[in-house]
1. Go through region 47-90 and report how many residues are of a type in the set (S, T, N, Q) and open to solvent by 50 Å² or more (accessible area, probe 1.4 Å).
2. Please find, among 182, 209, the residue that is crowded, with 20+ Cβ neighbours inside 10 Å and on the phi > 0 side of the Ramachandran plot.
3. Could you please find all residues in region 698-720 being open to solvent by 20 Å² or more (accessible area, probe 1.4 Å), closer than 22 Å to residue 821 by Cβ and touching a Ser or Thr at 6+ places or on another chain (Cβ under 6 Å)?
4. Might you let me know whether region 722-732 holds any residue that is in contact with a strand residue (DSSP E or B) (Cβ under 8 Å, 6 or more places away or on another chain) and buried (at least 24 other Cβ atoms within 10 Å of the Cβ)?
5. Tell me which residues, restricted to region 237-282, are open to solvent by 30 Å² or more (accessible area, probe 1.4 Å), under 12 Å from residue 213 (Cβ atoms) and in contact with a Ser or Thr (Cβ under 9 Å, 6 or more places away or on another chain).
6. Within region 512-525, restricting attention to residues that are at pLDDT below 75 and over 24 Å from residue 448 (Cβ atoms), which residue is surrounded by the most Cβ atoms within 10 Å (Cβ to Cβ)?
Amino acid sequence: MTGLKAAICVGALMMADKPVLSQSYSLAADKLAESARTREAPILDILDELRFTGLRRIAPGAVAAQLSSHTGDRFDPSLIDKDIRALARLGWFESIQVEATSSTAPFPQLPDDSNHVILIFHLKELPFLSQAGYSGSLLLSQKQIEKILEDKKLAPPLGKPADPAVLYRIAFAIRTGLNELGHPEASVRIARAEASNATVAVRFEINDGPLLRVRKVNFDGHPLVSTRLLRRQMRNIAPWKPLASWRGKNVYTREEFEEDRQRILTYYQNHGFPEARVGCARVAQSAEPTRRWPPWPHKLRQAGLSVSIPVEAGPFYHFESIAATEALQQAAKERGRLPITVSEPEEGGVFSQQEINKWQRSWTARIQSKNSVVDSHPSHSVDVMRTFNPDNHTARVTLDLGDSPPYTVRRIEFLGLHKFSDRYVRRRIVLREGHPIDERALEAGLLRLARTGYFKPIRKEDIHVQLDEATRTANVLIRLEEIGQQRASLAGGTGQFGSTLGVVYTVFDLVNREELLSAQLDGGPETLQIMLGLAKEGIFGTRASLALSVFNNVIRPRFASSAKGPFFSFHSEGISVPWVYPLTNTDSLDVNYTLSSTTTEYLPASITAAPGVTLGNVRSRVSSRSLGVGWTRDTGSERILLSNSASGGWLGGSENMLRTSAEYCRIFRDPFFAPSGAWSFRTTFGGAGSYSGDMPFYARLFSGDELVRGLRPGELGPYAVTAKTAASGATIYSTAPAGANLVTATSAEYGFPLAGGTEAAAFFDLGSGLLLPNWLGPTKPLVLDVTNGALHGSAGIELRWTVPGVQVPVRAYYAVNVLRMNRFISLSENSMFHAHNRFSAFGWGLGSLF
C-alpha cells in the first residue's frame with residue numbers, strides 16, 4: 001500500500017480559540033478513503049499498529065488514549081481527521097503529521113488477502129512552560145495582573161505545554177485590562193526563551209501606551225433626536241457624568257461601546273424609528289482645551305479621544321393597529337384562558353418594539369401549556385407580522401398563531417463561575433432545560449440570583465440565546481460575575497424605635513455544603529442588635545431552606561413626653577429557627593420557632609413614669625417559646641405578607657401571647673402622567689394580646705414615623721396616666737405613651753426619578769393605634785380615652801438615594817401633620833396635659849417602606 005500523509009501545523013493557528021485543520025488534510029483523507037475503496041478485492045483493512053515519533057515528555061499511552069482509532073479494529077480512514085482534531089485540541093503539539101502504510105509482517109491467524117495498516121503519528125511537542133513573567137507596565141503590578149488572569153481562568157499553565165493560543169489569550173486579557181484604564185494603544189509582546197531541555201520561559205513585555213480618555217462624543221448623520229436624549233442611553237462611555245474618571249465612564253473599549261450602541265438602537269426602535277441604524281464608532285485622537293486654576297488661571301490642551309457615532313434614524317412611524325387573528329384567540333380559549341382584548345392604539349401612537357414584544361409575550365403565555373406532560377393540546381408559538389406603509393409612515397401589527405412549536409431550552413450554560421457551583425446557580429433559575437423558553441421565567445430567575453448579593457447585576461448583554469431553527473431548540477448562555485464568597489456590607493432599616501445602621505459579614509460555602517454563615521451588628525440611638533446565623537438551602541433534598549439564628553437585642557426607647565429620657569429598657573436574647581418553603585416562584589410558606597428570654601428593667605428614678613408598673617417592679621424577666629406561621633407573595637410589583645404566632649401554653653414559657661400581622665404593598669407604573677413615575681400603596685395591620693396572665697410591656701407596639709411620617713415613637717398609640725404622692729402629701733399626675741396592641745396604617749405615594757440616581761416622592765400617610773384593655777390581662781393602665789384610637793395623618797415630600805454598593809436607601813422627608821392631636825386634657829383640678837403632635841417635622845430613615 002502506498003503511504004499517504006496528512007499534516008497539520010498547530011503553531012500557525014495560535015490566534016484561534018480552537019485549532020482549525022487546514023484544507024490540505026481533508027484532501028489527503030479523501031485520497032486515503034478512495035484508495036481503500038479501489039484496491040483490488042480487499043477483504044479486511046486491519047489497523048495493526050499505532051506508532052508515535054517525536055515524543056519526549058508525553059507518554060505514548062497518553063496520546064493513544066485520545067484517539068478513536070485502536071489497534072485490532074477495522075481501519076477507517078475517516079477517523080484520521082477526527083483523531084488529528086482531537087490531538088490539536090489538547091494544545092500539546094506544535095505540528096501533527098500522520099502517515100498510513102502497509103505492514104509486511106505475516107499474520108497466520110488472518111486471511112492472506114487481508115490488508116494490515118500501520119498509522120504513524122509524527123508529532124512535534126510544544127515545550128513545557130517553566131516560567132512566566134511580566135514587565136514594562138507602570139500601571140499594573142504583577143499581583144494585579146495575576147488577579148486579572150485568575151478571575152478569567154487564564155493563569156499561565158506552568159509545567160504544561162506552552163500552547164500559543166493560551167499565551168495569546170493571556171496577552172489579550174492584559175491588554176484589555178489596560179484598555180479599561182484608559183490606555184487604548186496598549187500592547188503586549190510575548191518573548192520566548194527556549195532551553196535545551198524542551199522547556200520555555202515566557203515574558204509578557206507590556207507597553208502601557210499613553211493615557212487617552214474620551215473627551216467628546218458626537219453623533220453624526222441624521223439622528224433626528226436630541227444629543228441629550230442619546231447621551232442618556234450611554235451608560236458605559238459617558239465622560240459628561242459626575243466623577244466619570246473615577247467610575248471608568250471616560251474609557252473606550254469595543255465591548256463597552258457595543259453595549260451602548262445596542263442601547264441607542266433599542267431607544268430608537270421603542271420611540272418610533274423601526275428602521276434606525278447605528279454604525280461603528282470612529283475614534284480619533286484630539287486635544288481639547290481645558291481651564292486649570294492652580295497655581296494660576298491658565299488654559300491647557302489635554303490629549304484624549306473623540307468618538308463619533310454615525311446614526312441614521314430613518315422615517316418616523318406611528319401605530320395604525322395591533323390585532324390578533326381569530327386563530328390566536330381561539331387557541332387561548334381552548335387553553336381556558338380568556339384572551340385579552342387587543343384594542344387599537346390611540347391615533348398617532350408612536351411605534352414601539354417594546355410594546356410589540358409585550359403583547360407577544362402576553363399572548364404566548366396564554367397559549368402555552370403549564371404542564372406539557374398532562375396537557376394534550378400541542379404548544380404553538382406566536383408570530384408577529386409588521387407591515388409598514390412608507391407613504392403615511394404607519395405600521396400595522398398582526399399577531400398570529402405560529403405553525404411551528406415554540407423553542408425548547410436545550411441547554412443552559414453559565415460562564416464566570418469560580419467559587420460557586422453550577423448546581424447552586426441552576427437551582428435559582430426558574431427556566432428549565434427541556435421546557436419551552438420563557439423570557440419572564442428567565443428574568444425572574446436572574447432577579448432571584450441577583451438578590452443573593454453574591455453576583456454583580458446581570459445585564460441583558462450578559463445573556464446570549466442561540467436558536468436552532470431546524471430542531472426548534474435554544475441554547476442559553478449566561479455570563480455571571482461573582483462578587484465573592486465572603487462579604488462585608490452595610491445594612492440599615494426602619495423600626496418602631498428609629499432607624500438602624502449596621503455591618504453584616506457573611507461567608508458562603510465554607511465547608512462545601514452551600515451553607516451561609518452570617519454575623520450582624522447594627523444599632524441606632526435607641527437599639528442595639530447582635531446576631532449570628534447559619535442558613536442552608538435545599539434542606540433534606542427539598543426546595544426548603546432552614547436557618548438558625550442566635551440574637552441579643554437591647555432597646556432603650558426615648559419618648560417625646562418623657563422628661564427624664566428612657567424610663568425602661570428591654571434586653572432579649574435567644575435562638576430562632578426559621579424554615580421557609582417556596583410554594584411557587586412568587587409564594588413561600590415559612591414556619592418559625594423562637595426560644596427567647598427578655599429582661600425589662602425600670603430605672604428607680606422614674607419608676608412611676610411607667611404606666612401600669614408599681615414600685616416593686618424594678619426588674620422583670622419573661623421567657624418565651626413561640627411558634628409562628630407566615631405566608632409571603634412577592635411578584636416584584638406586589639407584596640403580601642401574613643404572619644401569625646403563638647407563645648406559651650403547651651409550648652412552655654411564661655409569656656402567653658397571640659400575635660398577628662398583615663401587609664399589602666402594590667407598585668405600578670404611572671399610566672397617565674409620566675412613564676418613569678410610579679404609584680405605590682401600602683396597608684399594614686398588627687395586633688398582639690395575652691390569653692393568660694399579663695401582657696408583657698415590651699410586647700406593646702410603640703409605632704411612629706415608620707407608619708405615619710412626622711410622628712415620634714409611641715405617638716401613634718394612646719397615653720396613660722400615672723400618679724405618685726409627693727412628700728407634702730399632694731398627688732402628682734403624669735402621662736407617658738402607653739403603646740398599642742392594635743395598629744393599622746395605610747400609605748400612598750407618587751415617586752419619580754431625579755438625576756444622579758435619586759428619587760423624589762409625594763406621600764400621604766394615615767394611621768391609628770388602640771390599646772384594648774381586654775387584651776392586656778388582669779393589669780390595666782389608666783388610658784386617656786380621647787387619645788386611644790385617634791386618627792393621625794400626614795402629607796409631605798420625601799427624597800431617596802440608594803447608596804451604591806450597599807443598596808440601602810437613605811430617606812429624608814418633610815411631613816406636615818394634617819390630622820394631628822392638639823388638645824388640653826384635664827388630669828385633676830390643678831393639672832392639665834397638652835396632648836399634641838408637631839405641626840411639621842423633618843425626618844430621615846434607612847431602608848425602603850415599600
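1. 4
2. None of the others qualify; the one that does is 182.
3. 706
4. no
5. 239
6. The extreme case among them is 524.
To keep it simple, each residue is scored yes or no on (1) of a type in the set (Ser, Thr, Tyr); (2) modelled with pLDDT of 85 or more.
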site	(1), (2)
353	no, yes
357	no, no
367	no, no
375	no, no
381	yes, no
398	yes, yes
417	no, no
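Here is a yes/no grid of residues against (1) within 19 Å of the chain's Cα centre (by Cα); (2) within 25 Å of residue 360 (Cβ to Cβ); (3) among the hydroxyl-bearing types (Ser, Thr, Tyr); (4) modelled with pLDDT of 80 or more:
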position	(1), (2), (3), (4)
426	yes, no, no, yes
437	no, yes, no, no
447	yes, yes, no, no
454	yes, no, yes, no
459	yes, yes, no, no
466	no, yes, no, yes
471	no, yes, yes, yes
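The values are calculated or read from the model by the stated rules, or taken from the named source; none is laboratory data. Everything numeric in this text was worked out from a predicted model, so none of it was measured. All Cβ positions, even for glycine, are placed from backbone atoms using ideal geometry, and neighbour counts span all protein chains on display. For the accessible areas, the whole protein counts, side chains as well, though only heavy atoms, and no ligand, DNA or RNA atoms are used. Shrake-Rupley method; radii C 1.70, N 1.55, O 1.52, S 1.80 Å.
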